[in-house]
C-alpha cells in the first residue's frame, strides 16, 4: 500500500519519511504519509507535510495534502515545491485528482494553490464531526488538482 519515497526531492529540498498511518476506515480517515521537509544545503528541518491517500469525506475538509513551513523559511516557495513532490506520490497511487484545503484567511496557501494550477471549488463549512472543528476552524477553501504528474 505504501510506496518508496526516497525519490521525493528537488535540488533544494527532500521529504524525509517520518511515519505512515493505515488510517481508520470506520471514521473515514485515509492512510497517510508524514514527512519532515529538509533543506539539502545544510540538512535543516524547514517544515512538515502530510499526504493522505485516496478520497474520503475527511479529505473533503482536510485535503489530501497538509503542510507547514516554519516561519524563518517562508518566502522561498518551499511549500509549492513540497506539493509538487507530493503530486508525484499521488500519481504513484493512481489518483486522478486531489484536494488541498486551507483556511480562508491563509493568503499564502491560497497563492500556492493558484500557482500550482488548482481549480477553486468553493468555501465550505466544516462539519462538527470533523477534527478541524475542534480547533476552532469553521470554514475551509477547497482546491482541486487534476494534473498530478
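Remarks
Results for (1) in contact with a strand residue (DSSP E or B) (Cβ under 8 Å, 6 or more places away or on another chain); (2) surrounded by 12 or more Cβ atoms within 10 Å (Cβ to Cβ); (3) at pLDDT below 90, shown as yes or no for each residue.
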residue: 111; (1), (2), (3): no, yes, no
residue: 116; (1), (2), (3): yes, yes, no
residue: 121; (1), (2), (3): yes, yes, no
residue: 126; (1), (2), (3): yes, yes, no
residue: 132; (1), (2), (3): yes, yes, yes
residue: 136; (1), (2), (3): no, no, yes
residue: 141; (1), (2), (3): yes, yes, no
residue: 144; (1), (2), (3): yes, yes, no
residue: 148; (1), (2), (3): yes, yes, yes
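- One residue stands out among those in the stretch 47-60 that are under 17 Å from residue 5 (Cβ atoms) and touching a strand residue (DSSP E or B) at 6+ places or on another chain (Cβ under 7 Å): the one that is surrounded by the most Cβ atoms within 10 Å (Cβ to Cβ), which is 51.
- Residue that is nearest to residue 77 (Cα to Cα) [pool: residues in the stretch 117-134 that are in a helix (DSSP H, G or I) and under 18 Å from the mean Cα position of the chain (by Cα)]: 132
- One residue alone among 99, 70 is surrounded by 16 or more Cβ atoms within 10 Å (Cβ to Cβ) and in contact with a strand residue (DSSP E or B) (Cβ under 9 Å, 6 or more places away or on another chain), and that residue is 99.
- Number of the condition not met by residue 37 [criteria: (1) surrounded by fewer than 21 Cβ atoms within 10 Å (Cβ to Cβ); (2) over 21 Å from residue 144 (Cα atoms)]: (1)
- Filtered by the rule that a residue be modelled with pLDDT of 95 or more and either at positive phi or surrounded by 12 or more Cβ atoms within 10 Å (Cβ to Cβ) (or both), the stretch 4-18 gives 5, 8, 9, 10, 12, 13, 14, 15, 16, 17, 18.
The values are calculated or read from the model by the stated rules, or taken from the named source; none is laboratory data. Keep in mind that what you see is a predicted model, and the values were worked out from it rather than measured. For neighbour counting, all protein chains shown are included, and Cβ atoms are generated from backbone atoms with ideal geometry for every residue, glycine included.
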